[in-house]
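What follows is one structure encoded as structure tokens, with my remarks underneath.
None of the figures in this text is laboratory data; all of them are computed from the coordinates on show. Because the structure is a prediction, the values reported are computed rather than measured. Neighbour counts run over all protein chains shown; Cβ positions are idealised from the backbone, glycine included.
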Amino acid sequence: MRIEPLPSDLVKGDRVHRSIYLDEQVFRDELERIFYTTWVYVGHESEVRQVGDYKTTYIGLQPVIVARHDDNQIYVMFNRCTHRAATVCQEHSGNAKVFRCEYHGWLFRNNGELLQPTLGSGYDERDFSKSDFTLGRAPRVDVYRGMIFASLAPEGPSLREHLGKAADYIDLAFDIAPDGNVHLSAGRQLYSYAGNWKLQCENGVDGYHTNFVHKSFLEVTGIPALMGLFSASSTGRAGDLGGGHGLLDSRAGLRPMAAMSLETAAGKRALDALTERLGDRDRAEYVLMSGGTNGFNLLVFPNVLMIAHQIRVVHPRTVHSTDVEMYPYLLGGASAEQNAARLRTHEEFYGAAGGGGPDDVEMFRRVFEGLSAKGVPAVEWLHFSRGLRRTVVEDGGEFGNATDEHPQRGFYRQWLRMMEAS
Ligand code: FES
Ligand code: FE
């Protein structure tokens, strides 16, 4: 079916039309063609570690429960009673053998099977079979390095195909944990903003704004090298990894610091331990020099970011309102002090009173206000042309200076591909 307005009229190679942030029809099409088609992150295995653990979340606007059943399998089910549609779980997370719908009391196992309808004598087995009333399940669920993804499309690319080059950076992020696993056990932070969901996705891999929006923070830290990371002469790079995935890679600028810490006694011990676990000293050194998501920001299309010490999930609510969850992640096998330090660093920048995160949200608000301007050509388009003519193809992606808009152009290329797919 043809979408009006045509997505290709709204997203060009170097700019996007204001209506992709404002138009109700575009938003509905994004849900159908992107969120209800591709792989969407729904949680991490560490959030449902024990049998009975569950969490609730959303795929697009659709409420789902992610739960570990007695068979140790993870089920992703619609949080929607099969009687008359009430949600059956109201909590964000917990441990439960059953979910009880509070409207008429139906009881479901944590794999979705209906245990019994209440007042069962009203149902005759000639026209009622319990097995027809199992909670609806996501047709496809798969896990990569503990990250659980679900797809509402029964067929399509595998999760591994979808992740493509992004998988390499997820590996780099998690390999730095002494035991190779990360844990989302430190809770989550929530914020909402009045503005379209794509603003947050663009911003999470945007190296252009950092020295402006976060100037005061960078000055307070007193580390001039940090501002250099996002300057016109930065050795960092911003890239389109393909498939809509984007990277803001600061590792080159951080290399001297990483090399110094690798020279310390603790650094040498970490290198030996990682070499033993991975069976490859060069890879171990590469992982430690990369510094996990301290060294890069990753955008996994369409709505997950890995930044600093956190996994960030962007939830569209309406065309002009968005909820964001930040889950700081802890490193398995690391000391309590090391993990506590990660949390303190996270709070410093991203906390509600942090020195950086709230400033980005203020920018989304300003963009949203500015988007109301319309009617003359100068206010119809948002521009992503920075670095258009200095693309370097390397490592399987297209890269430019850290301040270039390659990740955003890559994001919109995939957006357009999916919006136009028949
Ligand atoms: Fe759930 Fe009726 S809607 S029991
Ligand atoms: Fe920012």
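The table that follows gives values for the structure above.
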quantity: Added length on full extension, which subtracts the Cα-Cα distance from 0.36 nm per residue, S422 to W381; calculated: 12.1 nm
quantity: Backbone N within the range 174-198 under 14 Å of label point (7 Å from T221 Cα along the Cβ vector); calculated: none
quantity: Computed E for E102/E369 - FRET, C-beta separation, R0 45 angstrom, nearest 0.05; calculated: 0.65
quantity: Residue-count net charge about S131 - beta-carbon cut-off 14 Å; Lys, Arg +1, Asp, Glu -1; calculated: -1
quantity: In sequence order, calculated HN-Hα J values of the range 265-279 (Karplus, 6.51, -1.76, 1.60; Hz; x Gly/Pro); calculated: 4, 5, x, 5, 4, 4, 5, 4, 5, 5, 4, 5, 5, 8, x
quantity: Approximate spin-label separation A336-K130, in nm, with each point projected 7 Å along Cα-to-Cβ; calculated: 4.5 nm
quantity: Farthest toward positive dipole pole in the chain [+1 Lys/Arg, -1 Asp/Glu at C-beta], among T345, S158, F212; calculated: F212
quantity: Cross-link reach list, aspartates and glutamates versus K268, counting only Cα pairs under 14 Å and skipping chain neighbours closer than eight places; calculated: E276, D282, E285
quantity: Whole-angstrom gap from the range 372-386 to the range 206-274, using each part's C-alpha centre; calculated: 32 Å
quantity: Among the listed pairs K198/K374; K12/K198; K165/K215, those beyond 23 Å (Cα-Cα); calculated: K165/K215
quantity: Among 386-398, 10-22, the order from most to least packed when residues are scored by Cβ within 10 Å on average; calculated: 10-22, 386-398
quantity: Under 15 Å from the Cα of K130 - aspartates and glutamates, other chains or at least 8 residues apart; calculated: E113
quantity: Cross-link partners of K55 among lysines (Cα-Cα below 22 Å; sequence separation of 8 or more within a chain); calculated: K97
quantity: Cα long-axis angle, helix 336-350 against the chain (0 to 90 degrees, to the nearest 10); calculated: 80 degrees
quantity: Gain in span if fully extended, A266 to R389, counting 0.36 nm per residue against the direct Cα distance; calculated: 39.9 nm
quantity: Local electrostatic count, D395, Cβ distance below 12 Å [Lys/Arg +1, Asp/Glu -1]; calculated: -2
quantity: Cysteines, the chain, no other Cys beta-carbon under 4.7 Å; calculated: C89, C201
quantity: Residues Y350, Y58 arranged by fewest to most Cβ contacts within 10 Å; calculated: Y58, Y350
quantity: Helix-only CD estimate at 222 nm, as mean residue ellipticity for the chain, using -39500 (n - 2.57) per DSSP H run (n ≥ 4); calculated: -9000 deg cm²/dmol
quantity: Additional length obtainable on full extension of the chain from T345 to D171, 0.36 nm per residue less Cα span; calculated: 60.4 nm
